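Reading through the structure tokens given below for one structure.
The values are calculated or read from the model by the stated rules, or taken from the named source; none is laboratory data. Predicted model only: the values in this text are computed from it and were never measured. Don't worry about glycine lacking a Cβ; one is built from the backbone with ideal geometry, like all the others, and counts go over all protein chains shown. Ligands, DNA and RNA are excluded from the accessible area calculation, which covers all protein heavy atoms including side chains. Shrake-Rupley method; radii C 1.70, N 1.55, O 1.52, S 1.80 Å.
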Amino acid sequence: MSLNIISEPPFRLSKSMTTNLCLLANNILKDHQKNDLLVNLKLIASEEMIALNKGFRKKATDTNVLSFPAAPEAVTHAKELGDIALCMPFLESEAQALNRAKDDHMMHLTAHGVLHLLGFDHINENDANLMESHEIRYLKQFNIANPYLL
């Protein structure tokens, strides 16, 4: 299993959602020859996300997803690529505002987070286009529409 999902009440996932998230992470990691590594995905509340965002990005605001690449030693010895924090209340309100299914939006943000752990970013337009093209391709494997066209 390439994805370790940490979810505590009230953020329980259905068995099918858990399966799809694991398959998504496996597909991405396999494509980038990192399928021997583990990604930790933690579903969190807004308060925890605000604290993380403030501590690591100096932004005292809520956000949808943050990725934390593991130190090289952890990658080598623990076989962990890194951690992803997914803010469930933010995700749910954002999905509703964007008129997207919550599960589809969660898949998109998870793909986004895993790609960040692999070194992709969206700081400039070329990098953003590359990252988005990967996201679109992975989501298509699950019959999820291009989130950038919706």
Exercise for the section: Would you kindly derive the ³J(HN,Hα) couplings of the range 80-89 from the backbone phi angles with the Karplus curve 6.51 cos²θ - 1.76 cosθ + 1.60 (θ = phi - 60°), listing them in order in whole Hz, with x for Gly and Pro? Expected result: 10, 7, x, 10, 10, 9, 10, 7, 5, x
Problem - Bridge type composition, the range 1-133 - antiparallel percent by DSSP, nearest 5 - result: 30 percent
Fill in the blank from the handout: For 61, 110, the accessible-area ranking with a 1.4 Å probe, largest leading, is 61, 110
Exercise for the section: Determine the alpha carbon to alpha carbon distance for each of 79/140; 42/102; 42/79; 15/42; 54/102 and list only those over 20 Å. Expected result: 79/140; 54/102
Handout entry: Fraction of alpha-carbon pairs over 19 Å apart in the chain - percent
Key = 52 percent
Fill in the blank from the handout: With R₀ set to 25 angstrom, the calculated FRET efficiency between the beta-carbons of residue 15 and residue 143, to the nearest 0.05, is 0.85
Exercise for the section: Name the residue, out of 136, 44, 123, whose mean-square fluctuation peaks in a Gaussian network model built on the chain with Cα pairs under 10 Å. Expected result: 123
Exercise for the section: Just reorder 103, 62 by solvent-accessible area, largest first, 1.4 Å probe, all chains present. Expected result: 103, 62
Problem - Sulfur and carbon atoms: percent of accessible area, the range 1-96 [1.4 Å] - result: 54 percent
Practice task
Pull out the extension gain between residue 51 and residue 123, defined as 0.36 nm times the separation in residues minus the alpha carbon to alpha carbon distance; nm, one decimal.
Solution key: 23.6 nm
Handout entry: Residues of the chain: accessible area per residue with a 1.4 Å probe, Å²
Key = 55 Å²
Exercise for the section: Just flag the trypsin sites (Lys or Arg not before Pro) in the range 72-109 sitting in loop per DSSP whose Cβ has no more than 15 other Cβ atoms within 10 Å. Expected result: 79
